[in-house]
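Data block below; observations after.
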Amino acid sequence: MKQKSQVHGQVHGQVHAQAAPQAATPHKKGRFGAFGGQYIPETLMYAVQELDDAYTTYKNDPAFNAELHNLLNNYAGRPSLLYYAQKMTEDLGGAKIYLKREDLNHTGAHKINNVLGQALLAKKMGKTRLIAETGAGQHGVATATAAALFNMQCTIFMGKHDTERQALNVYKMRLLGADVRAVSSGTATLKDAVNEALREWTRRIDDTHYCIGSVMGPHPFPTMVRDFQAVISKEIKEQMRALEGKLPDAVCACVGGGSNAIGSFYHFINDPQVALYGCEAAGRGADSPDTAATLTTGSTGIFHGMKSIFCQDTYGQIAPVYSISAGLDYPGIGPEHAYLHEIGRAHYVPITDTQAVDAFEYLSKTEGIIPAIESAHALAFAMQLAKTMDKTQTIVVTISGRGDKDCAAIARYKGEDIHD
Ligand SMILES: *Cc1c(COP(=O)(O)O)cnc(C)c1O
């Protein structure tokens, strides 16, 4: 898409308005095809470069990796189970379905994998304060958790609208010692929280690390966050070899920014016989205005420090997005997904609120597992896919988180008020 729209996209993400000169000569590193890069104001360049240098050093440091491995296993509870959903498999009558249980991790989602990696890196860099954006509050809770564990200060930026929708998570973050700042600009949701966190990082780069919650933002974030989440596919591969003696035929994961999905895909990207499916939130339908299905409806642009695909209006402004799931309610997608989509290595499918709610109820009743409504998007697609495959084939579905946080909203969706 047109250079003009890209410039508009930047102006909209106010903090980047001053970045226009850099935008013409993006950094060569951190590219996935044409996507990715570092479209940031000069004032952030130092912080991003310092982070890139530190990550490049520590990612190959055996002591760093041993410490991270210890935290993942003994604090977060890894490896997570790969569970054979036998009742669901028999009921659907097609491919064997395995669930990768990221919902069993400490704090209830995959977010902790990334947060522990970044918090440890920040500590090694001598930082004493973590800041983060959060939408539904899951990433904020994970970051506040790591800050408590590492004795670091913590400030979480959250859209004002989201603080009202997710009061319990706001309470948890404060209980863990974090300062939660409600952001009232724009639509007062996730993208505005990202803007505010970037602005705060610019103001205080000396002692502060910005712990981004998904595979988005300027390089090195999309690569670094992917590496920290890749533990998911590393384990799936080992567990499938042990359980089935072969690779899965398909892997399905939901996509907001795309961190649990890229984590689930990563070690299979070079195994072309494994089909990869990212499930986007279509909201009330990808053909309706109430959607967050970025790859189905979006176009190329520049926002939040990266070139990727975004939901945009006819002027190239970032479009308001909607999904029943606050965790998938982001108007963009990580640049590596934009690239995998472009080259056709992964397929991205829109799943509506209704389909996700049906899958949420189905898994609860069939297997006794209440999934996050985000994860239910992946499950809804896997349920259709399984029926088209035969019984010798296998599907792995990543259950990115647990559904406790969603029960009140789903009850409301179904017309019941449980006063949460
Ligand atoms: C945050 C979140 C997501 C969406 O984020 P990705 O970066 O796309 O993984 C999905 N599921 C759960 C449970 C989450 O908390």
### Query
Would you call Ile112 more than 22 Å from Tyr362 (Cα to Cα), within 15 Å of the ligand (Cβ to nearest atom), assigned to a strand (DSSP E or B) and of a type in the set (Val, Ile, Thr)?
no
### Query
Any residue in the range 273-290 that is free of Cβ contacts under 8 Å to residues at least 12 places away in the same chain and either part of a helix (DSSP H, G or I) or closer than 16 Å to Ala346 by Cα (or both)?
no
### Among residues of the range 362-391, those that are under 17 Å from Val251 (Cβ atoms) and buried (at least 16 other Cβ atoms within 10 Å of the Cβ), counted
14
### Message
Being more than 16 Å from the ligand (Cβ to nearest atom) and among the acidic types (Asp, Glu) is the requirement here; does Asp103 meet it?
### Response
no
### Task
Tell me, yes or no, whether the range 312-330 has at least one residue that is surrounded by fewer than 24 Cβ atoms within 10 Å (Cβ to Cβ) and under 17 Å from the mean Cα position of the chain (by Cα).
yes
### Query
Within the range 118-128, can one find any residue that is of a type outside the set (Val, Ile, Thr), assigned to a strand (DSSP E or B), buried (at least 24 other Cβ atoms within 10 Å of the Cβ) and more than 10 Å from the ligand (Cβ to nearest atom)?
no
### Task
Kindly establish whether Ala411 is more than 30 Å from Gly36 (Cβ to Cβ) and either away from the ligand (no atom under 14 Å from the Cβ) or within 17 Å of the chain's Cα centre (by Cα) (or both).
yes
#### Entry: Test: residue in the range 280-302 that is within 14 Å of the ligand (Cβ to nearest atom), surrounded by fewer than 24 Cβ atoms within 10 Å (Cβ to Cβ) and either at pLDDT 95 or above or under 20 Å from Gly30 (Cα atoms) (or both)
no
### Query
Quick check: is even one residue across the range 148-159 of a type in the set (Ser, Thr, Tyr) and touching a Gly at 6+ places or on another chain (Cβ under 7 Å)?
no
### Message
Within the range 175-267, considering only strands (runs of 3 or more DSSP E) that don't extend past its boundaries, which have at least 2 residues that are within 13 Å of the ligand (Cβ to nearest atom)?
### Response
250-254
### Message
So if I check each of Gly217, Gly186, Gly177, which one is at pLDDT 95 or above and more than 21 Å from the chain's Cα centre (by Cα)?
### Response
Gly177
### Task
Being of a type in the set (A, V, I, L, M, F, W, C), over 16 Å from the mean Cα position of the chain (by Cα) and part of a strand (DSSP E or B) is the filter here, so list the residues in the range 68-109 that pass it.
Leu82, Ile97, Leu99
### Task
Would you tally the residues in the range 164-210 being surrounded by 22 or more Cβ atoms within 10 Å (Cβ to Cβ) and within 23 Å of Asp404 (Cα to Cα)?
7
### Message
Here are the criteria: (1) in contact (Cβ under 8 Å) with a residue 40 or more places away in the chain; (2) surrounded by fewer than 24 Cβ atoms within 10 Å (Cβ to Cβ); (3) within 13 Å of the ligand (Cβ to nearest atom). Tell me which single one Asp353 does not satisfy.
### Response
(3)
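The values are calculated or read from the model by the stated rules, or taken from the named source; none is laboratory data. Since the model is a prediction, treat every value here as computed from it, not as a measurement. Counting neighbours? That spans all protein chains shown, and the Cβs are built from the backbone with ideal geometry, glycine included.
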